[in-house]
Amino acid sequence: MNMFIHEMKAYRKSTIIWTCSLVGIIVLFLSIYPSFAKEADVFKELMEGFPEPVRKAFGLSVDSMSSMVGFYSYTFLYITLCGAIQAMNLGTSILSKEVREKTADFLLTKPVTRSQIITSKLLAALTSLVITNIVYLTVASFMASAVKVEDYSYKIFFMVSITLFFVQLIFLALGVIVSVLSRKIKSVLPISLGTVFGFFIAGMLASIIGDEAVRYITPFKYFDTNYIIKNSSYEARFIILEVVFIVVAITASYYVYCKKDIHAV
Amino acid sequence: MNVIEIKNLTKSYGKARGIIDVSFNVEEGEIFGFIGPNGAGKSTTIRTLLSLIYPTSGSATIFGKDCVEFGPEIKKEIGYLPSEVFYYDNMKVIDLLKYSASFYKKDCSKRIKELAEIMDLDLNKKIDDLSFGNKKKVGIVQGLLHEPKLIILDEPTSGLDPLMQQKFFDLLEQENKKGATILLSSHILGEVQRLCNRVAIIKEGKIIKVEKISTLQENNHKKFKIEVKSKIEDNYFNISGVSALEINDNIISFLFRGDINLIMKKISEIQIANLWIEEPDLEEIFMHYYEKED
Amino acid sequence: MNIFMVEMKAHRKSLIIWAFSILFMVGAGMGKYAGLSSGGQSMTDLLAQMPKSMQAVMGIGTFDLSKASGFYGMIFFYLVLMAAVHAVMLGADIISKEERDKTVEFLLVKPISRNKVITSKLLAGLVNIIIFNIITLVSSIIIVGKLGKGESVGGDIVILMVGMFILQILFMVIGTAIAAVVKNPKAATGIGTAVLLISFIMSVAIDINSKIEGLKYITLFKYYEAKNLMSEVGFQLSYVILSVIIIAAMIKITYVFYKKRDMSI
């Protein structure tokens, strides 16, 4: 319990900064929505005149694009980007910081098992992410209802919003396994940024090109908002993929961390 | 000639006290000790000399040139061993030493080999893989390989085994004989006692004394311990100059300062079984300074 | 010269990883282009008539996706993003690493002025960026040449790479300036990330809502956009001048602050 509290305190400032950032971004984007909606109406009429296959080639349904949920889904992509960086950063640093900040000699000689250490740190990271998500969801919901042009399904809005948490979980697990496999990580941010942006760009290219295969590689595409909007549910195979990945990554992390030599300096 | 001249050097970290009005000089060819309790300001003073941090007020010159303004120039002839040694990842010892040498525009390869042999340092090992003490050795070689005129050492022997400490002292004395000036900060009083000619004592950011080691010892009490054959009266040794008189059965011990003939007379007039006379440990002298409120 | 060599060696591994990532991105992106068949003309017409905000939402912009140059222009945005992440992290890292790794007491006690240290590091950073740029340039020309269906894109690519190069320098020196001013090495990379993310999000926001277009002067990504560079607009003088001013200012800040402040040990 003491380690959990210690970790929470250690990440407090960073969690606050990330939460405020996410909130700031969504407020910014949603405040643009009203003017966007107006422009879109004009275009929708235009789109009607084009053949179905062409419209399909973009992998989106134009109606949803200009609706609250559709617009939200698009901007939500950037929220997920930042949230993923936060999560990956957390994951990559929680274990490696004991070596990086030379506190390994302190913590790992206390009467606690390495498993307990990992568990406390993971729980603290998880809690930080949960807090971020709760605050974000609250503000986003409020903002959405404030700028809406017409009624929308809150259920869909909610389902889209919590995919932030799902994506973050994946990057958290990814960060942990990466940190456990490295001997010493001197600076966490370059790794997180590079990895997350890499996956993000892969996801962007995939959606423009409409490639199904790439979807499996990049967590940003596990939760296709169009699918959610249409079917009010998630695609089962990706949920399974996510769970499997997280379980494997975390289990492997426990195993490796408990077995490996920790170099104090 | 003074190699180092420090005048009223003050450094404050915001509101926190660093060093206040520190002044002392180090003469050419000296081995100068710099001692004080933890947090007294030894490292702060040294780092200011090396322009790692900048003084709030006051000045310091080395070789007659201001430490900040002429930093790069005077550092050509300075070798520094920090208290904690950190180097770059994935470098072998020899790589780091060569890198260090490349700053001095001298060919140091012979000297590197000599020093490594004396300190028993494996040049081909990766620094990451070395123990703390061995990393210290790298620091020592790194500080000396360019044969500098001024050697500054911050807690140099922490981490070294006694044999290595010995070799290190020998090395320092050799360099000193060749003309190098040495500034040594430590709180291992034994090594200060052994190596240094003069010493400055710093406490809570201020210099409380600058003195020759020999003077410090002279001006202090000698320790006497006498085993008497038969009991003598309690006040026998209670003369002026005696302090801390203790009588335990047949063992009388005290500290004496003054004309030694007086106390010798008193001893010669009684029957004794055994006699011990000791120079005070520098430890005891310094503890006095460490503790005393001036 | 010796510091320069050591820095180059230290960044070698990271540069190789980034180079491969860029190569992969160009390859994968253009590979998709080659596979893209239908749509063709009607797609282009559709896109042209879409409101700008919608284009932004689709992530397409005013590109003719049926042409290799247009497609590449779209990918360019993401290449620049990667290059910017690389550059800002490089800049912040190369200056703050001495304090972070505590090698300050080794390097800054050598007979070398702090200015010289900065110069060597800036040069090493610059060379890294040039290598990154050249690899992107060469791989782009080769891959687009091969898959571009005979289109001549060389000239366009070169122009785009020049724009990217200026952006890379901009982000790198912003990174070095932040690291020179800020004493805490961790904060340096953090602030660099914030600058990057804000720039990125702003550029997206501006695309969606032309009303805030005035903000483009503080959004670095807008200085050199493919759609401008490849059209008759070319390089806009105001942006180029602004870039030069910012670069000069950041470099000056790097030198001045690093020289003046205490090293954090």
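The values are calculated or read from the model by the stated rules, or taken from the named source; none is laboratory data. This is a predicted model, so every value here is computed, not measured. Cβ: placed from backbone, ideal geometry, glycine included. Neighbour counts: every protein chain shown.
Worth a mention:
- Matching residues, the range C:216-265, being more than 21 Å from C:THR176 (Cα to Cα) and aliphatic (A, V, I, L, M): C:ALA226, C:LEU229, C:MET230, C:VAL233, C:LEU237
- Tally of residues being among the hydrophobic types (A, V, I, L, M, F, W, C) and crowded, with 19+ Cβ neighbours inside 10 Å across the range C:221-241: 4
- With respect to the conditions (1) within 12 Å of chain A (Cβ to nearest Cβ); (2) more than 25 Å from A:CYS20 (Cβ to Cβ), C:ASN209 falls short on a single one, namely (2).
- Strands (runs of 3 or more DSSP E) completely within the range B:189-258 that count 3 or more residues being out of contact with any Leu (no Cβ under 9 Å at 6 or more places or on another chain) and in the same structural domain as B:PHE34 (by TED's automatic domain parsing): B:198-203, B:206-212
- Check on B:ASN25, farther than 30 Å from A:ILE185 by Cα, not aromatic (Phe, Trp, Tyr) and not in a strand (DSSP E or B): no
- Filtered by the rule that a residue be touching a strand residue (DSSP E or B) at 6+ places or on another chain (Cβ under 8 Å), in a helix (DSSP H, G or I) and either outside the structural domain of B:ASP89 (by TED's automatic domain parsing) or closer than 20 Å to B:VAL192 by Cα (or both), the range B:137-172 gives B:GLY139, B:ILE140, B:GLY143, B:LEU144, B:LEU172.
- Between B:TYR80, B:TYR104, B:TYR99, the distinction of being among the hydroxyl-bearing types (Ser, Thr, Tyr), facing another protein chain (nearest Cβ under 9 Å) and under 30 Å from B:GLU283 (Cα atoms) belongs to B:TYR80 only.
A quick yes/no check of all residues on (1) in a helix (DSSP H, G or I); (2) out of contact with any Lys or Arg (no Cβ under 8 Å at 6 or more places or on another chain):
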| residue | (1), (2) |
| --- | --- |
| A:GLY175 | yes, yes |
| A:LYS184 | no, no |
| A:ILE191 | yes, yes |
| A:VAL196 | yes, yes |
| A:ALA206 | yes, no |
| A:VAL248 | yes, yes |
| A:ALA252 | yes, yes |
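Residue-wise test of (1) more than 14 Å from every other protein chain (Cβ to nearest Cβ); (2) buried (at least 22 other Cβ atoms within 10 Å of the Cβ).
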residue: B:PHE132; (1), (2): no, no
residue: B:GLY139; (1), (2): no, yes
residue: B:GLU155; (1), (2): no, no
residue: B:PRO162; (1), (2): yes, no
residue: B:GLN165; (1), (2): yes, no
residue: B:LEU183; (1), (2): no, yes
residue: B:ILE188; (1), (2): yes, no
residue: B:HIS221; (1), (2): yes, no
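- Odd one out for A:ILE217, checked against (1) more than 22 Å from C:VAL85 (Cα to Cα); (2) among the hydrophobic types (A, V, I, L, M, F, W, C); (3) within 14 Å of chain C (Cβ to nearest Cβ): (1)
- Checking each residue in the range A:99-119 for being surrounded by 13 or more Cβ atoms within 10 Å (Cβ to Cβ) and either within 14 Å of chain C (Cβ to nearest Cβ) or not in a helix (DSSP H, G or I) (or both) picks out A:VAL99, A:ARG100, A:LEU108, A:VAL112.
- Failed item in (1) at pLDDT 90 or above; (2) of a type in the set (Val, Ile, Thr); (3) surrounded by fewer than 20 Cβ atoms within 10 Å (Cβ to Cβ); (4) in contact with a helix residue (DSSP H, G or I) (Cβ under 7 Å, 6 or more places away or on another chain), with A:VAL167 passing the rest: (3)
- Meets criteria (of a type in the set (A, V, I, L, M), free of Cβ contacts under 8 Å to residues at least 24 places away in the same chain and within 12 Å of another protein chain (Cβ to nearest Cβ)) for B:VAL85: no
- Of the numbered criteria (1) crowded, with 21+ Cβ neighbours inside 10 Å; (2) within 12 Å of B:HIS146 (Cα to Cα), the one B:LYS98 fails is (1).
- Contacts under 6 angstrom Cβ, first residue in the range B:11-23 being farther than 15 Å from B:LYS203 by Cβ, partner of a type in the set (Ser, Thr, Tyr), 6 or more apart: B:LYS11/B:THR44; B:LYS11/B:THR48; B:LYS11/B:THR56; B:SER12/B:THR56
- B:LEU123 being more than 12 Å from chain C (Cβ to nearest Cβ), of a type outside the set (Phe, Trp, Tyr), assigned to a loop (DSSP other than H, G, I, E, B) and crowded, with 16+ Cβ neighbours inside 10 Å: yes
- Residue match in the range B:10-29 (condition: buried (at least 22 other Cβ atoms within 10 Å of the Cβ) and within 12 Å of another protein chain (Cβ to nearest Cβ)): yes
- Failed condition for A:SER96, given (1) loosely packed, with under 15 Cβ neighbours inside 10 Å; (2) in contact with a Lys or Arg (Cβ under 8 Å, 6 or more places away or on another chain): (1)
- Conditions (1) at pLDDT below 85; (2) farther than 25 Å from C:ILE134 by Cα; number of the one not met by C:ALA226: (2)
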